[in-house]
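Below you'll find the structure, written out as structure tokens, and then a few comments.
None of the figures in this text is laboratory data; all of them are computed from the coordinates on show. Given the structure is predicted, the values throughout are model-derived calculations rather than measurements. FYI the Cβ positions are ideal-geometry reconstructions off the backbone, even for glycines, and counts take in every protein chain you see.
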Amino acid sequence: MNDMSFSQLHLSKLVLDNLAELAYEKMTAIQAQSLPHVLQNKDVIAQAKTGSGKTAAFGIGLLNKIELKNYSVQALVLCPTRELADQVTKDLRRLARFTENIKIITLCGGVAIGSQIKSLSHPAHIVVGTPGRILKHLDKNYMRIDGLKTLVLDEADRMLDMGFVEDIQKIIEFAPNKRQTLLFSATYTDEVRSLSKSIQKSAVTVATIDTESPNKITEMFYESAADLNLSHLVNIIAKEEPKNVLVFANTKIDAKEVARHLRNNGIEAAALHGDLEQYQRNDVLVKFTNGTLPVLVATDVAARGLDIKELSLVINYGLPFEHNVYTHRIGRTGRAGSTGIAVTLYWGKQAFKAKKMQNSSRQFDKASTLPKANGYILKAQNGTIVIEAGKRNKLRPGDILGALTGDVGLNGKQIGKISIYDKQSYVAIERGLINKAIKGLKQSGLKGKRFSVWIMK
Ligand code: ADP
Ligand code: MG
């Protein structure tokens, strides 16, 4: 398809204007291939790599069918993790921001069900969530989807990996037969195909894997003696001097151990894994994405669906068991045309697999050849403060920036990213000025009101 502009899609002017404002100038490959079918209400199975714009490919489609006056769940998006569901909800709200009175909610496990039940007392138009929790709401009749028009399975391959297939099948029993089912996946495995067969009707298949230019990624491999992994890891980070790093660990235990070791060796790091409470995960993610935490150590499941732009380095602490996991992981760096670096540290039996991965564009070396870290330190320049006010208080970034550079007396350069969530806002601020900022904000307040402010630990 040559014409990649959204305007050929017969969308309303409001939608087109919004896309232009979001700086979506033209469709991505997967959007160009899938949206015409999606908008014709066909079932679609779409495969494209991470970061290729799949959310808007189903988002624009499902939003187009929402009848605002009909207060029932018309679209349901199933996602493998809480983070991904939050991300999708955020993206859908951005796509729908000119649509007044549209209700989009997230329903995921790991949080109290009570407040979710309450929010369902006025049905939402769109529900985004993880299969387990969605099924619970359906089973208990807290939510109905008998008027569902669109069902989306986002990252279907990963939901299958995580064992959600039964939950998905059960959820579908609550949905009407006459519905559109969209299935999105980064890989197209036999399991994905058979899931599609069982829940979709004459699905149109689109795949862009071959037509997309690959990310520019330098891949390096270091073989280590098993007992030296952790110190080699420090050496790798010291050698690359990255701005930020995502380290993948194969297990939760490794993730914790790696983060601890890095912290003990002058590198500010935190682990992201399934054992954390929701608020702890949230804090870690806020800090990593706003640049106040330089190193995130994550398991694959915990990192799935994170959309972190400008990731300078990805490290595999141990070779992953499957090759497509490797491809997924390193695809996190070198996005949007910039070049990225992916370093894999492996040991023991992994050497067998690593050997099979050798090709002319990958560099292999012994980890013992790495220069020693020698007093290397990696700390974020900024820290994060939390303000107990957010979108609900109609707060906007300009309000916070205004207060900090006005009454509080900071300079714009000393302030980093400002992120406003529903009930809280997060501001990255030069470490030495955090106390001044907290004190100042408490005194000055925001938009004439005072809120609590504290430092995120
Ligand atoms: P995927 O789900 O395929 O991994 P996402 O839907 O999360 O990818 O999109 C990746 C990034 O690309 C997001 O930051 C999104 O806002 C952006 N994006 C999506 N579509 C477009 C477009 N047509 N033009 C520019 N940016 C886009
Ligand atoms: Mg996605």
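Out of every Cα-Cα pair in the chain, what percent are more than 38 Å apart? Intermediate values should be presented prior to the final figure.
On the way: 29151 of 104196 pairs.
Every Cα pair in the chain considered, those over 38 Å come to 28 percent.
For the stretch 25-127, with equal point scatterers placed on the C-alpha atoms only and solvent neglected, what are the log10 I(q)/I(0) values from the Debye formula at q = 0.17 1/Å, to two decimals?
-0.84
Tell me the label-point distance for the pair residue 351, residue 369, using the 7 Å Cα-to-Cβ offset, in nm and rounded to one decimal.
Computed distance between label sites residue 351 and residue 369 equals 1.5 nm.
How high is the FRET efficiency from residue 239 to residue 17, r the C-beta distance, R0 30 Å, rounded to 0.05?
Values: r = 47 Å, r/R0 = 1.58.
Once the sixth-power term is evaluated, E becomes 0.05.
If you stretched the chain out fully between residue 225 and residue 322, how much longer would it get, using 0.36 nm times the residue separation minus the C-alpha to C-alpha distance?
On the way: separation 97, 0.36 × 97 = 34.92 nm, distance 2.16 nm.
Going from the current span to full extension adds 32.8 nm.
Explain nothing, just the number: relative contact order of the chain, from Cα pairs under 8 Å at least 6 residues apart, as a whole percent. Can you show the working numbers first?
Values: 829 pairs, mean separation 64.6, N = 457.
The normalised contact order for the chain reaches 14 percent.
By its C-alpha gyration tensor, with a ≥ b ≥ c as the square roots of the eigenvalues, how is the stretch 6-207 shaped: rounded for a/c under 1.5, else prolate for a/b larger than b/c, else oblate? Kindly include the intermediate steps, with their values, before the conclusion.
Details: a/c = 1.58, a/b = 1.14, b/c = 1.39.
Since a/c reaches 1.5 but b/c is at least a/b, the shape of the stretch 6-207 is classed as oblate.
Can you give the calculated 222 nm mean residue ellipticity of the chain, where each DSSP H run of n ≥ 4 adds -39,500 (n - 2.57) and the sum is split over every residue, rounded to the nearest 500 deg cm²/dmol?
On the way: 17 runs with 163 residues, N = 457.
Result for the chain, helices only: -10500 deg cm²/dmol.
Explain nothing, just compute: Karplus ³J(HN,Hα) = 6.51 cos²θ - 1.76 cosθ + 1.60, θ = phi - 60°, for every residue of the stretch 347-356 in order, whole Hz, x for Gly and Pro.
Each residue's phi maps through the Karplus curve to give 7, x, 5, 4, 4, 4, 5, 4, 4, 5 Hz.
At a 10 Å Cβ-Cβ cut-off, how would you order 439, 178, 136, 287, fewest neighbours first?
Numbers: 439 12, 178 8, 136 17, 287 23.
So the residues, fewest neighbours to most, are 178, 439, 136, 287.
Please list 3J(HN,Hα) in residue order for the stretch 129-143, calculated via the Karplus relation 6.51 cos²θ - 1.76 cosθ + 1.60 where θ = phi - 60°; whole Hz, with x for glycine and proline.
x, 8, x, x, 5, 4, 4, 4, 4, 6, 4, 7, 6, 6, 9
Can you give the net charge of the other residues whose Cβ lies under 13 Å from the Cβ of residue 392, counting K and R as +1 and D and E as -1? Mind showing how you got there, number by number?
Numbers: positive: 391, 394, 396, 423, 447, 449; negative: 388, 422.
Local charge sum for residue 392: +4.
Taking 0.36 nm per intervening residue step and subtracting the Cα-Cα distance, what contour gain separates residue 442 from residue 455 on full extension? Working shown, then result.
Working: separation 13, 0.36 × 13 = 4.68 nm, distance 1.24 nm.
Net length gain for the segment: 3.4 nm.
Regarding the stretch 382-455, what are the three Cα extents along the principal axes, ordered largest first, in Å?
30, 20, 19
Using the 10 angstrom Cβ neighbour count as an exposure proxy, how do 360, 224 rank, fewest first? Numbers along the way, then the final one.
On the way: 360 5, 224 25.
Ranking 360, 224 by Cβ neighbours within 10 Å, fewest first, gives 360, 224.
Would you work out the Kirkwood radius for the stretch 120-182? I mean one over the mean of 1/r across all pairs of different Cα atoms, in Å. Numbers along the way, then the final one.
Values: mean 1/r = 0.0820 Å⁻¹.
Value: 12.2 Å, from the Cα pair sum.
For the residue pair residue 118 and residue 275, what label-to-label distance in nm results when each label sits 7 Å from Cα along the Cα-to-beta-carbon direction?
3.2
Ignoring solvent entirely, what values of log10 I(q)/I(0) come out of the Debye formula for the stretch 216-369 at 0.11, 0.14, 0.19, 0.20 Å⁻¹ when each Cα is a single scatterer?
Reported log10 I(q)/I(0), two decimals: -0.38, -0.62, -1.21, -1.36.
Net charge around residue 414, counting only other residues with Cβ within less than 14 Å of its Cβ (Lys, Arg = +1; Asp, Glu = -1)?
Details: positive: 413, 417, 431, 436; negative: 430.
For residues surrounding residue 414, the net value is +3.
Taking a temperature of 25 °C and a viscosity of 0.890 mPa s, what whole-number D in µm²/s does Stokes-Einstein yield for the stretch 329-383 with Rh from Kirkwood over alpha carbon pairs?
Working: Rh = 14.5 Å.
This corresponds to a translational diffusion coefficient of 169 µm²/s.
Return the tail of the calculated pair distribution for the stretch 202-284, meaning the percent of Cα-Cα pairs more than 16 Å apart.
Values: 2245 of 3403 pairs.
Everything past 16 Å amounts to 66 percent.
So how do 236, 199 line up by other beta-carbon neighbours within 10 Å, fewest first?
On the way: 236 26, 199 20.
Ascending number of Cβ neighbours within 10 Å: 199, 236.
In debye, nearest 20: dipole of the stretch 382-455 around its Cα centre with unit charges on the Cβ of K, R (+) and D, E (-)? Please list the in-between numbers first.
On the way: 14 positive and 5 negative charges, 34 e Å.
Roughly 160 debye for the stretch 382-455.
May I ask you to evaluate 6.51 cos²θ - 1.76 cosθ + 1.60, the Karplus curve with θ = phi - 60°, for each residue of the stretch 372-385 and list the ³J(HN,Hα) values in order in whole Hz, giving x for glycine and proline?
6, 5, 5, x, 5, 10, 10, 9, 6, 6, 9, x, 10, 10
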